[in-house]
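To start, the structure under review is shown below, and the notes come after it.
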Amino acid sequence: MAKSNARDSILHAALQEFSEQGYDRATVDSIAQRSHVAKGSVYYHFASKEAIWVALVQSRAGRLEALTKEVLAHEGASLSDLLRQWIDFFWEEQEFLSLFLSEAWRDRSREQLVGQFLNRLLEPVATYLDPHSPKANQEWLAYALFGAIAVPTLHALKSGHADKESLYAIIPVILGRFT
């Protein structure tokens, strides 16, 4: 197995393992077994189970950050367009969303990592909000939008009421409060 394929396989297996077992109960042995690589291969790519978690956050967060910038860069882009894309992203990445929301604030190092990601993700949103929203702290509004989409999406997925159309329907209600 090529190096990048092994790394990707380990990340995919770790995401499944963390999602099913929880971070604390997941082991490097179980991740190795699930990814069909030797335990030594896991340690070749990642120094620890925590390093795997960090790599998962960085890879998925990078994709969400790129998606956010791409949507807002389009002429005529709207917050509604962005929030629909966030719902779609979280829908596809439901294991990551669950892991992220449950593990992101476990300790100081994670808080720093998550804070850096959220700042990068939400800076273009805050910039977009600046001329479009009432005089309030645009950074806090951007964080509120993220939570207003991430948490209901996770709830819909976990509760078995998985219906993206219902989630799309809350966007105008949310945006009525922001614009």
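List of remarks:
- Using a Gaussian network model of the chain in which every pair of alpha carbons under 10 angstrom is joined by a spring, one finds that among Asp29, Asp88, Asp107 the greatest mean-square fluctuation is at Asp107.
- Reachable aspartates and glutamates from Lys39, criterion Cα separation under 20 angstrom, eight or more residues apart if same chain: Asp8, Glu17, Glu20, Asp24, Asp29, Glu50
- Normalised contact order of the chain, rounded percent, pairs of Cα under 8 Å and 6 or more residues apart: 21
- Derived scalar couplings ³J(HN,Hα) [the range 138-143; Karplus, 6.51 cos²θ - 1.76 cosθ + 1.60; whole Hz; x for Gly, Pro]: 4, 4, 5, 5, 5, 4
- Within the chain, helix-based [θ] at 222 nm, where runs of 4 or more DSSP H residues each add -39,500 (n - 2.57), nearest 500: -27000 deg cm²/dmol
- The range 49-91: GluC sites (Glu not before Pro) in DSSP loop, at most 11 other beta carbons within 10 Å: Glu75
- Nearest-0.05 FRET efficiency for Tyr43 and Gln16, computed from C-beta distance (R0 22 Å): 0.70
- Shown in residue order for the range 48-65 are the 3J(HN,Hα) couplings computed by the Karplus curve 6.51 cos²θ - 1.76 cosθ + 1.60 at θ = phi - 60°: 6, 4, 5, 5, 5, 4, 4, 4, 4, 4, 4, 5, 6, 5, x, 5, 5, 4 Hz (x for Gly and Pro).
- At 0.890 mPa s and 25 °C, Stokes diffusion of the chain via Kirkwood alpha-carbon radius, µm² per second: 141
None of the figures in this text is laboratory data; all of them are computed from the coordinates on show. On a predicted model such as this, the values are computed, not experimentally measured, just so you know. Heads up, the Cβs are rebuilt from the backbone with ideal geometry, glycines too, and the neighbour counts pull from every protein chain shown.
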